[in-house]
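To keep things clear, I will list the structure first and then write my remarks on it.
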Amino acid sequence: MISKSIAEKRIKELRDLTDFYAKKYYDDDAPEISDFEYDMLMNELKNLEKQFPEFITKDSLTQKVGGTVKEGFNKVEHEIPLQSLQDVFSIDEVEEFDVRMKKLAAENKKQVSYVVETKIDGLSVSLEYKNGIFVRGATRGNGQIGEDITENLKTIKSIPQKLKQNIDITVRGEVFIGKKEFEKLNEEREILEEPLFANARNAAAGSLRQLDSTITAKRPLDIFIFNVQKCDSIKFKTHHESLEFLTKLGFNVIPVRVHCKNIKEAIEEINKIGEKREELEFGIDGAVIKIDDLDFRDILGSTTKVPRWAVAYKYPPEKKETKLKDIICQVGRTGAITPMAILEPVKVAGSTISKTTLHNEDFIIEKDLKIGDTVVIQKAGDVIPEVVEVVKEKRTGEEIEFSMPEVCPVCGAPAIREQGEAIRRCINIECSAVLQRSIVHFVSKEGMDITGLGYSIIEQFIEKGLITDIADIYKLKLEDIASLKKDGKKFASNLIEAIEKSKENDLSKLITALGIRHIGSKSAKILSKKYKTMDKLMNATFEELSCMEDIGEISANSIRTFFLEERNRNLIKELKKFGVNMKYIEDSSADDRFFGKSFVLTGTLEKYTRDKASEIIEKFGGKTTGSVSKKTDYVLAGEDAGSKLVKAQSLGIKVISEQEFDEMIK
């Protein structure tokens, strides 16, 4: 048995770890460990607290629901708490749950039957309807208080805005992204060289907790409803009955919901779900076993964190051995060369895995990977598959060492790894792999915003030799485009119109579209406003650029390197020849009242989202930053302002209220 002092020390360690990982998962939507690893830490903590109850504290995650309210959202107090579930990891624990339920049922003269449902891997939300109209939606938050995300939820097509009955009801559901949609989303991000989402759950959560609902609207979000939280006008006898009623109202109710007369049937259903996980179109991380009788649920009640009438059986993460057949290298838009493992196909967690990223050469060295190795692949839920380790005892001596290519695998140009970087890059801007991804970036919404010119269309143009560089976009003819599609005249006409319209964009859009490393849309706006014309920017010195606020030496070096390349200067000449605007478009209504002023936003604002307030500040020539320093001019503080407010006061920086901000922008 563990000693009391060691237990106390380990409990503290586990609390620190679970707090950190819970924040990354719930608040930042950026998990650092798999669900299984987190569950194991929580399980160890629960067991130690059970052995040593004197060390239990209210702030332990075993006693409360993880998650906080993100700054920028209004708070919503849940009338009926959105609780978590007690996790179990073995069939023995499911049977122990049944024994407890039967004992309590006998004491209260009740019968025990269950409903088994899939545990959707997404973000839990509540939806509130008044007289059949959707009026408010919120995240679970900490179970008691969540975030008002009504506008974001309205962008999800499967959420009915009006029910089939004029009824007051609050329901609970899980917002998620389907498996195919998630893969497509990550493929698009990979093409644009944006960070990949670790799993579908965090992609859904990150999408739903955007302060700008137009970003949410672009993501393939869906929802399953799984509970009636509140409905005063109808008294349901069973959970299963309430789910059938929700279907009649027009809700997208959780599809896998099976009534089971006893625990034997429930366990059979759990095993059946586990076997068929791969066939489901959505990700799950377990199966939920619930008491069906709602009166019995009321008798059983809840702890501060979980209901006593349900448990969640968590399926263990799958690990499989397979052969590392080869390592190939892919070339991205910026010339980044990424090693990719080619595997003997193996089915893991419902997906057939035949390849996965190896990130960079340091990862390969750290794992000691060789071509021909037997490797262990893990895919917990919808997490991107990863090579966990090499099974070194299965080496035969015929394995082949891998080293990153010193020339680009596509065009043969030098592949350089700069000091301080983890990846090698092809330096040839005319490389066909770089070209395709460069064009995708050039025409993207952030860039020249040419609607209709997607990845597959660009690929066809390149294959047909109609596009050999970015400037060729402006040479495309109606008949060239129409030939790509059956009855393609309307598509071609719309695309030509979008290409022509892009010529009128502000200089900042063109700078963004060029894909200069370290230069995003915000920096592009600053450069556009400062230099006014492309010619002046092209001839700006490193010293001038690096002295600009928000540019700095790294970005300045990228700009100079880009424009010193003859092929890039030729590209600008070509674009100019085709009539692409090369000048800053002065806003006639521009008002620079905040020019040179730096703002920090903290706390919850009533009237504005954080993005909206930032947009107003930037419109008036100011800028917003994430941290308070001596260079900060104003701190705009809303409700529940935290450490940033304290720091501002200690530095003597002017703190303004939302009302004062309104006066400043009138």
Taking the stretch 239-274 and keeping residues part of a strand (DSSP E or B) and touching a residue at least 60 places away in the same chain (Cβ under 8 Å) leaves 257, 258, 259, 260
Exception for residue 334 within (1) at pLDDT below 90; (2) more than 30 Å from residue 431 (Cα to Cα) falls at (2)
Residue 524 vs (1) under 34 Å from the mean Cα position of the chain (by Cα); (2) not in a helix (DSSP H, G or I): all pass except (2)
Only one of 257, 308 is among the charged types (D, E, K, R) and surrounded by 18 or more Cβ atoms within 10 Å (Cβ to Cβ), namely 257
Scanning the stretch 270-301 for residues that are among the charged types (D, E, K, R), closer than 23 Å to residue 228 by Cα and either surrounded by fewer than 21 Cβ atoms within 10 Å (Cβ to Cβ) or out of contact with any Gly (no Cβ under 9 Å at 6 or more places or on another chain) (or both) gives 290, 292, 293, 295, 297, 298
Of all strands (runs of 3 or more DSSP E) fully inside the stretch 275-362, the set with 2 or more residues that are among the acidic types (Asp, Glu), in contact with a strand residue (DSSP E or B) (Cβ under 6 Å, 6 or more places away or on another chain) and in contact (Cβ under 8 Å) with a residue 40 or more places away in the chain is 318-331
Reported set for the stretch 491-517 where residues are among the charged types (D, E, K, R) and closer than 19 Å to residue 537 by Cα is 503, 504, 506, 509, 517
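Table: residues versus (1) closer than 24 Å to residue 573 by Cα; (2) buried (at least 19 other Cβ atoms within 10 Å of the Cβ); (3) free of Cβ contacts under 8 Å to residues at least 40 places away in the same chain; (4) not hydrophobic (A, V, I, L, M, F, W, C).
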{"residue": "421", "(1), (2), (3), (4)": "no, no, yes, yes"}
{"residue": "454", "(1), (2), (3), (4)": "no, no, yes, yes"}
{"residue": "474", "(1), (2), (3), (4)": "yes, no, no, yes"}
{"residue": "482", "(1), (2), (3), (4)": "no, no, yes, no"}
{"residue": "495", "(1), (2), (3), (4)": "yes, yes, no, no"}
{"residue": "506", "(1), (2), (3), (4)": "yes, no, no, yes"}
{"residue": "515", "(1), (2), (3), (4)": "yes, yes, no, yes"}
{"residue": "527", "(1), (2), (3), (4)": "yes, yes, yes, no"}
Those residues of the stretch 258-311 which are more than 22 Å from residue 92 (Cα to Cα) and within 29 Å of the chain's Cα centre (by Cα) amount to 278, 279, 280, 281, 282, 283, 305
In the stretch 526-561, anything modelled with pLDDT of 90 or more, closer than 16 Å to residue 623 by Cα and of a type in the set (A, V, I, L, M) is listed as 527
Within the stretch 188-216, residues being small (Gly, Ala, Ser) and either surrounded by fewer than 16 Cβ atoms within 10 Å (Cβ to Cβ) or farther than 20 Å from residue 158 by Cβ (or both) number 1
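Counting just the residues of the stretch 637-661 that are of a type in the set (A, V, I, L, M, F, W, C) and touching a residue at least 24 places away in the same chain (Cβ under 8 Å), which one comes out surrounded by the most Cβ atoms within 10 Å (Cβ to Cβ)? Please lay out each step first, then the result.
So in the stretch 637-661, the residues of a type in the set (A, V, I, L, M, F, W, C) come out as 637, 641, 645-646, 648, 651, 653, 655-656, 661.
Imposing the further condition that a residue be touching a residue at least 24 places away in the same chain (Cβ under 8 Å) reduces the set to 637, 641, 645, 648, 653, 661.
Numbers: 637: 24, 641: 18, 645: 19, 648: 21, 653: 20, 661: 21.
It comes out as 637.
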Out of (1) on the phi > 0 side of the Ramachandran plot; (2) in contact (Cβ under 8 Å) with a residue 60 or more places away in the chain, the one residue 441 does not meet is (1)
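Could you check how many residues of the stretch 634-659 are at pLDDT 90 or above and not in a loop (DSSP other than H, G, I, E, B)?
Residues meeting the conditions: 6.
Which of the helices (runs of 4 or more DSSP H) found entirely inside the stretch 549-633 contain at least 1 residues meeting this: hydrophobic (A, V, I, L, M, F, W, C) and loosely packed, with under 13 Cβ neighbours inside 10 Å?
Answer list for the stretch 549-633: 552-564.
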Taking first residues from the stretch 97-115 that are in contact (Cβ under 8 Å) with a residue 12 or more places away in the chain and second residues anywhere that are of a type outside the set (Ser, Thr, Tyr) and part of a loop (DSSP other than H, G, I, E, B), the pairs with Cβ under 7 Å that are 6 or more apart or on different chains are 101/112; 105/111; 105/112; 113/261; 113/292; 114/292; 115/292
Flagged in the stretch 608-652 as β-branched (Val, Ile, Thr) and over 12 Å from residue 597 (Cα atoms), in numbering order, are 609, 616, 628, 646
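The values are calculated or read from the model by the stated rules, or taken from the named source; none is laboratory data. Remember, predicted model here, so these are calculated numbers, not experimental data. Counting neighbours? That spans all protein chains shown, and the Cβs are built from the backbone with ideal geometry, glycine included.
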